[in-house]
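Asks: I am attaching a structure below and will ask some questions about it afterwards.
The values are calculated or read from the model by the stated rules, or taken from the named source; none is laboratory data. None of the values given here were measured: they were computed from a predicted structure. So basically every Cβ, Gly included, is an ideal-geometry build from the backbone, and we count neighbours across all protein chains shown. The accessibility values were calculated without ligands, DNA or RNA, using every heavy atom of the protein model including side chains. Shrake-Rupley method; radii C 1.70, N 1.55, O 1.52, S 1.80 Å.
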Amino acid sequence: YKHQNPRCFKRFRFNPNKYVHYYWNKSAWMTATIFKDWINKFNNYIKSGDPNRKVILLIDNCGGHNLENDIFSNVTVHY
């Protein structure tokens with residue numbers, strides 16, 4: 001989204017980033033930096049539940065989804 005502190009989080013008396021992975025920038029577009037951070041957190045989440053669990057993530061060819069041959073332990077990415 002475009003806003004650092006959106007209205008939907010104003011009711012919360014706690015830190016929403018503790019419960020939700022919220023990212024923002026002025027253009028509200030997915031960037032490579034945001035996507036890499038998100039996919040690393042997703043990989044760690046999958047690994048924390050069961051280290052032997054493997055998942056496949058199907059994504060489109062958006063410019064922000066460029067991972068430059070990054071390899072993840074529990075997530076396989078296919079375009």
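Asks: Taking the simple approach of a point 7 Å from Cα along Cα-to-Cβ for both V77 and L58, what is their distance in nm?
Replies: My value for the distance between the label points is 1.8 nm.
Asks: Next up: Per residue, how much accessible area does the chain have with a 1.4 Å probe, in Å²? Can you show the working numbers first?
Replies: Working: 6670 Å² over 79 residues.
Here the residues of the chain average 84 Å² of exposed surface.
Asks: At most 12 other Cβ atoms within 10 Å plus a DSSP loop assignment makes a site exposed; report the longest stretch of the chain without any exposed trypsin sites (Lys or Arg not before Pro).
Replies: Values: sites that count: K2, K10, R11, R13, K26, R53, K54.
After excluding every exposed loop site, the longest remaining stretch is 27-52.
Asks: Which number comes out as Rg/Rh for the chain once both Rg and the Kirkwood Rh are worked out on C-alpha atoms? Write down the numbers at each step before the final one.
Replies: Details: Rg = 14.7 Å, Rh = 14.4 Å.
Rg divided by Rh gives 1.03.
Asks: How far is helix 32-49 tilted, in degrees, relative to the longest principal axis of the Cα atoms in the chain, given as a value from 0 to 90 rounded to the nearest 10?
Replies: The angle comes out near 70 degrees.
Asks: Net charge around V77, counting only other residues with Cβ within less than 14 Å of its Cβ (Lys, Arg = +1; Asp, Glu = -1)?
Replies: -1
Asks: Still on this model: On full extension of the chain, what length is gained from K10 through T33, given 0.36 nm per residue of separation minus the C-alpha to C-alpha distance?
Replies: Values: separation 23, 0.36 × 23 = 8.28 nm, distance 2.63 nm.
Computed gain between K10 and T33 is 5.6 nm.
Asks: Now, a different point. How large a share of the accessible area of the chain, in percent, is made up of carbon and sulfur atoms when the probe is 1.4 Å and the other protein chains stay in place? Show your work: numbers first, answer last.
Replies: Values: 3500 of 6670 Å².
That share works out to 52 percent.
Asks: Given only helices, namely DSSP H runs of n ≥ 4 each adding -39500 (n - 2.57), what is the per-residue ellipticity at 222 nm of the chain, to the nearest 500 deg cm²/dmol?
Replies: Details: 1 runs with 18 residues, N = 79.
Calculated mean residue ellipticity at 222 nm is -7500 deg cm²/dmol.
Asks: While we're looking at this one, here's another question. Averaging the inverse of every distinct alpha carbon separation and then flipping it gives the Kirkwood radius. What is it for the range 35-79, in angstrom units?
Replies: Working: mean 1/r = 0.0917 Å⁻¹.
Result for the range 35-79 stands at 10.9 Å.
Asks: Please report the net charge: other residues with Cβ closer than 12 Å to the Cβ of K36, K and R +1, D and E -1. List each step's numbers first, then the result.
Replies: On the way: positive: K41; negative: D37, E68, D70.
In short, -2.
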